[in-house]
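> Please see the structure below; I have some questions.
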Amino acid sequence: MHYDQPTDEDLLGRKPLTEALSKFLRNICMRYEGTFLLHINGKWGSGKSSLLRLLRIELEKEHLSLSLVINAERKTRPYY
């Protein structure tokens, strides 16, 4: 049976992407003081939430934190 739940396991082979994003985000944090947006887009069940969980784990190794705002219901309405 298949469950559509985020996981901390790299079942989709996203470790290289997670490492690259982690490095990118560390560089931004070191060079830029302010806020920025990282947009992750994909179809339902494509692994977006799992990717973000893996990214959080990777960043925590460097004692960095990740704040998330997830709006799965957004269609064409603005998000405030």
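Every read-out reported here was derived from the displayed coordinates using simple, explicitly stated rules and does not represent laboratory data. All values reported here derive from a predicted model rather than from experimental measurement. Every residue, glycine among them, receives a Cβ derived from its backbone with ideal geometry; neighbour counts consider all protein chains shown.
> Enumerate the pairs (first residue in the range 8-22 and over 16 Å from I40 (Cα atoms); second residue anywhere and loosely packed, with under 15 Cβ neighbours inside 10 Å and not charged (D, E, K, R)) with beta-carbon separation below 7 Å, excluding pairs fewer than 6 apart on the same chain, so at least 6 apart or on different chains.
Sorted first by the residue in the range 8-22, then by its partner, the pairs are D8/I57.
> So how many residues does the range 20-67 have that are of a type in the set (S, T, Y), closer than 18 Å to D10 by Cα and surrounded by fewer than 12 Cβ atoms within 10 Å (Cβ to Cβ)?
0
> So the check is Cβ under 9 Å with 6+ separation or different chains; which pairs have a first residue in the range 35-61 that's without any contact (Cβ under 8 Å) to a residue 60 or more places away in the chain and a second one that's among the small types (G, A, S) and buried (at least 19 other Cβ atoms within 10 Å of the Cβ)?
L55/S22; E58/S22; L59/S22; K61/S22
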